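Only the coordinates and a few stated rules stand behind these numbers; no lab work does. Source: prediction; values computed, not measured. Cβ atoms come from the backbone with ideal geometry, glycine included; neighbour counts cover every protein chain shown.
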Amino acid sequence: SSDLLVLLIPFALYLPFLYYQGHFYFDLGPVLALGVGLATMGMMFVAVGLLFSAMTRNQIVAAIWTFVALFCMIVLTLLVYGYAAERQAGWAEGAKFVALLYQVQGFGAGKLDLRFLTLHLSVTAFVLYLTVKVLESRRAG
């Protein structure tokens, strides 16, 4: 978590500079909503990476599987929503809810929906639980 804070230092320095020196006035709400939303989404992505890292001894294989899983998570949710919306299916709104790109759009618009944060944190907790179980089974075996 301290690494994340270090990465956010330039962001925290740039925005006040832009506000006071550049006379660029912006609403802080969407910026904070985007920051919180992307942080929880990043937690979910890191948890998936940790799971694949725990499942294999080769870190390159873990990186490839993490990329494939996250790519599928992003693209497939978008494709499923597009399919549902095209056919005007009743579950189209549910598919849009889990589509990560629409979540990022909402965060960027300043809509900090607690359902999205709950989804991200729940997936994070579940995947970290699976990671612990994988490591326990590896240690026992």
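For the stretch 10-55, chymotrypsin sites (Phe, Trp or Tyr not before Pro) meeting the loop criterion (DSSP other than H, G, I, E, B) and having at most 13 other Cβ atoms within 10 Å: 24, 25, 26. Where does the chain land at 222 nm, in deg cm²/dmol rounded to the nearest 500, when only DSSP H runs of n ≥ 4 count, each adding -39500 (n - 2.57), divided by all residues? That calculation yields -28500 deg cm²/dmol at 222 nm. Judged by the gyration tensor of its Cα atoms, with axes a ≥ b ≥ c, the stretch 1-50 is oblate; a/c meets the 1.5 cut and b/c is at least as large as a/b. Given axes a ≥ b ≥ c from the Cα gyration tensor, I'd like to know whether the stretch 68-131 is rounded (a/c under 1.5), prolate (a/b larger than b/c) or oblate. Taking the square roots of the gyration eigenvalues as a ≥ b ≥ c, the stretch 68-131 is oblate. Comparing 106, 35, 90 in a Gaussian network model of the chain where C-alpha atoms under 10 Å apart are linked, the largest mean-square fluctuation is found at 90. Note on the chain: GNM, Cα springs under 10 Å; of 100, 114, 32, the largest mean-square fluctuation is that of 114. Rounded to whole Hz and in sequence order, give me ³J(HN,Hα) for the stretch 54-60 from the Karplus expression 6.51 cos²θ - 1.76 cosθ + 1.60, θ = phi - 60°, writing x for Gly and Pro. Couplings: 6, 7, 9, 8, 8, 6, 5 Hz. Stokes-Einstein diffusion for the chain at 4 °C, viscosity 1.567 mPa s, with a Kirkwood radius from C-alpha pairs, works out to 75 µm²/s.
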